[in-house]
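Data block below; observations after.
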Amino acid sequence: MAPPDSTPPDATPVALTAAPREATCLDYANTRMYRGSAAPVEQFAEWPALVDWIAGTGSLVGFDLAALGIPTLADYVDAYRARTGLDPRPYLPVYFAYNFFRLAAIMQGITGRVRDGTATSAYAAAKAELVRPLAAKGWEFARQAGA
């Protein structure tokens, strides 16, 4: 997470860290750069997928996140609060629900491209299997948020 007063020099992906330096927020559909105070929906999106969900392609499930320099969600939230003065904790279930539904929609779109014969990845057909579990996880978080 980048400090709020910094501007990323480029879009080179690096691991998330609690240290105050430039970093990217990992995103399944895109790799984007975020300022420290921007897009908490995106910034907090990946922890359930990293440590509490079905391992998918490109997953870090099973890896020692601390050894990789990736903080725990609690540590990341604390760093976010310290840098921005904003407390995202009450909204985390909403953020997670949104992102899992978004990922399910992305996988459904890939499934549609497989159906239409326009998919370019050899792994595209396997994405269909992820739609329902992603949506179910999104609904689980939506229920936690009060839905």
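Taking first residues from region 135-147 that are assigned to a loop (DSSP other than H, G, I, E, B) and partners that are β-branched (V, I, T), the Cβ contacts under 6 Å between residues at least 6 apart in sequence or on separate chains come to A145/V94.
Quick one: A82 ticks every box in (1) in a helix (DSSP H, G or I); (2) at pLDDT 90 or above; (3) outside the structural domain of E46 (by TED's automatic domain parsing) bar one, so which box is it? Looking at each condition in turn, A82 falls short on (3).
If you filter region 85-129 down to residues that are among the polar types (S, T, N, Q) and within 22 Å of the chain's Cα centre (by Cα), you find that the one that is farthest from R143 (Cα to Cα) is S121. Apart from one condition, F100 fits all of (1) modelled with pLDDT of 90 or more; (2) crowded, with 17+ Cβ neighbours inside 10 Å; the exception is (1). Just give me the residues in region 78-97 being of a type outside the set (K, R), more than 13 Å from E46 (Cβ to Cβ) and surrounded by 14 or more Cβ atoms within 10 Å (Cβ to Cβ), in sequence order. Listed by number, the residues that qualify are D78, A79, Y80, T84, P88, Y91, P93, V94, A97.
Restricting attention to region 103-114, the residues being crowded, with 20+ Cβ neighbours inside 10 Å and among the small types (G, A, S) number 1. One residue alone among T111, T118 is part of a helix (DSSP H, G or I) and either at pLDDT 90 or above or in the same structural domain as Q43 (by TED's automatic domain parsing) (or both), and that residue is T111.
The values are calculated or read from the model by the stated rules, or taken from the named source; none is laboratory data. Here the structure is a predicted model, which means the values were calculated and not measured. FYI the Cβ positions are ideal-geometry reconstructions off the backbone, even for glycines, and counts take in every protein chain you see.
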